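The block underneath contains the structure these notes are about, expressed in structure tokens.
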Amino acid sequence: MTFAEALASASDRDVEVRAAAGVLLASATDLDQVADILIRLLLDQEDTFVTSETADALVDRRDVPGLRLVILALARADDENTANWIWDALLDPQTYEELAERTSLLEALTGSDVAATARTVLERLRA
């Protein structure tokens, strides 16, 4: 799937196609260009598989822009199931190095537009 196809596929009826689009769009160099689409995929109303795959891909970028979008989606999640899948992506670092890196990224976000939610995630990650 090309980037252009992923943009079109983000609204596909097929859950696997939307999830694949989320993973590909999460690799965008400039996330601001696709932020609205990624937030929509993170908060997918039909299937949390899309949420999970997109959140994991953004967290796996291991950078502030990707993590910021996941934190923003968590703040906007209006149902517990979706929020739980986002929490899972945020609170499951695989190594000590990932834990330290994620902590640092979250600390960087505590001075941003998602500060309150970033602090909440940081507290749970440290618990």
Unmet criterion (only one of (1) modelled with pLDDT of 95 or more; (2) in a loop (DSSP other than H, G, I, E, B); (3) more than 28 Å from Ala4 (Cα to Cα)) for Arg62: (3)
Condition broken by Gln45, with the remaining ones in (1) under 16 Å from Ile86 (Cβ atoms); (2) in a helix (DSSP H, G or I); (3) polar (S, T, N, Q) satisfied: (2)
Unmet criterion (only one of (1) part of a helix (DSSP H, G or I); (2) modelled with pLDDT of 95 or more) for Arg13: (1)
Residue among Asp79, Asp14, Asp60 that alone is surrounded by fewer than 23 Cβ atoms within 10 Å (Cβ to Cβ), closer than 22 Å to Thr110 by Cα and without any contact (Cβ under 8 Å) to a residue 40 or more places away in the chain: Asp60
Check on Arg68, within 20 Å of Gly22 (Cβ to Cβ), in contact (Cβ under 8 Å) with a residue 40 or more places away in the chain, assigned to a helix (DSSP H, G or I) and not hydroxyl-bearing (Ser, Thr, Tyr): yes
Restricting the stretch 84-127 to residues that are small (Gly, Ala, Ser) and out of contact with any helix residue (DSSP H, G or I) (no Cβ under 6 Å at 6 or more places or on another chain), the residue that is farthest from Leu69 (Cα to Cα): Ala127
The stretch 27-38 - residue that is under 11 Å from Ala10 (Cβ atoms) and not charged (D, E, K, R) and, of those, surrounded by the fewest Cβ atoms within 10 Å (Cβ to Cβ): Ile37
Matching option when the condition is more than 23 Å from Asp14 (Cβ to Cβ) and in contact with a Gly (Cβ under 7 Å, 6 or more places away or on another chain), among Val59, Val64, Val50: Val59
Some residue of the stretch 13-25 being closer than 21 Å to Ala89 by Cβ and touching a Lys or Arg at 6+ places or on another chain (Cβ under 7 Å): no
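The values are calculated or read from the model by the stated rules, or taken from the named source; none is laboratory data. Since this is a predicted model, take the numbers as computed values, not measurements. When we count neighbours, we look across all protein chains shown, and the Cβ atoms used for this are built from the backbone with ideal geometry, even at glycine.
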